[in-house]
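Read the structure below first, then the notes.
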Amino acid sequence: MKNLLIIATLVLLFSCKEKTENAVVAAENANVISSVGSQKGSRYSEGSSLIDAIYFELIKNDKELQALDDEINLMGKNSFELITKKKELLNKPTEYYEEVSQKITAIKDSVLKKEMQNFIKESLDKFTKHKTDLQMIVRQIDSNSSKINQYYDFFKIKKTLPEIEKYQNQNPLKLEEVKKMIADQNQLLEKLKNVK
């Protein structure tokens, strides 16, 4: 009898603890969606997507995901800055060779023109190759950045889909109310049609 009483007490204690833990988890899940956009100045209220808003709400307390987000943002920033810097390095030589081309085009003496073209050819070819190589590298960096963003978007969707599904389960559409409203509207419509 004493053992039965102890077992019953333990069962009650653990079931209460489990219910309390489940209630806390449910409350946290409900808060993720309901807190999105409710804060003044939140990312969602500033125009970001709902996916991002839910995701950033989820990662508030997850240092690992915050670090991943920081790493992705830093990679994007560094890629942009590197490409910009390299493109700026091309501006002066591009302008220089364009000016040289204009001066060569303006030369009337065909022998001097040919000599100038031959003189500049090796340097221009080398610059053109560097410029082409850089353009290919920039395209690859842009392609990689795009892939990173696409995979990160997919990752965010995988993380946020369960939250929106929980929200939908906690807030069912209850079509009965809508159907009743349609029935009430139809009834009123019939009444109005029959008023003399």
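Points worth noting:
- Surface composition of segment 144-196: carbon and sulfur atoms hold 58% of the protein heavy-atom accessible area at a 1.4 Å probe.
- Net lengthening on full extension, T84/E99 (0.36 nm per residue, minus Cα-Cα): 3.1 nm
- Each Lys and Arg adds +1 at its Cβ and each Asp and Glu adds -1 at its Cβ; summed about the Cα centre, segment 114-196 shows a dipole of about 220 debye.
- Within segment 141-166: backbone nitrogen closer than 14 Å to the D52 label point (7 Å, Cα to C-beta): 149-150, 152-154, 156-157
- Eligible lysines near K180 by straight Cα distance, threshold 19 Å, same-chain separation 8 or greater: K191
- With a Förster radius of 45 Å applied to the beta-carbon distance between K193 and Q168, the computed FRET efficiency rounds to 0.75.
- Protection proxy ranking, highest mean first, for peptides 159-172, 54-67: 54-67, 159-172, where packing is the per-residue count of other beta-carbon atoms within 10 Å, averaged.
- Given charges at Cβ of Lys, Arg, Asp, Glu: segment 85-184 dipole, positive-most of Q117, Q170, Q135: Q117
- Candidate aspartates and glutamates - alpha carbon under 20 Å from K159, same-chain residues fewer than 8 apart omitted: E28, D52, E57, D62, E64, D69, D70, E71
- Links that overshoot a 26 Å alpha carbon limit, given the list K60/K86; K86/K121; K87/K113: K60/K86; K87/K113
The values are calculated or read from the model by the stated rules, or taken from the named source; none is laboratory data. Computed from a prediction, not measured in an experiment: that's the story for all the values here. Methodologically, a virtual Cβ is constructed for each residue, glycine included, from the backbone with ideal geometry; neighbour enumeration extends over all protein chains shown. Just the protein is used for accessible areas: all its heavy atoms, side chains included, with ligands, DNA and RNA removed. Shrake-Rupley method; radii C 1.70, N 1.55, O 1.52, S 1.80 Å.
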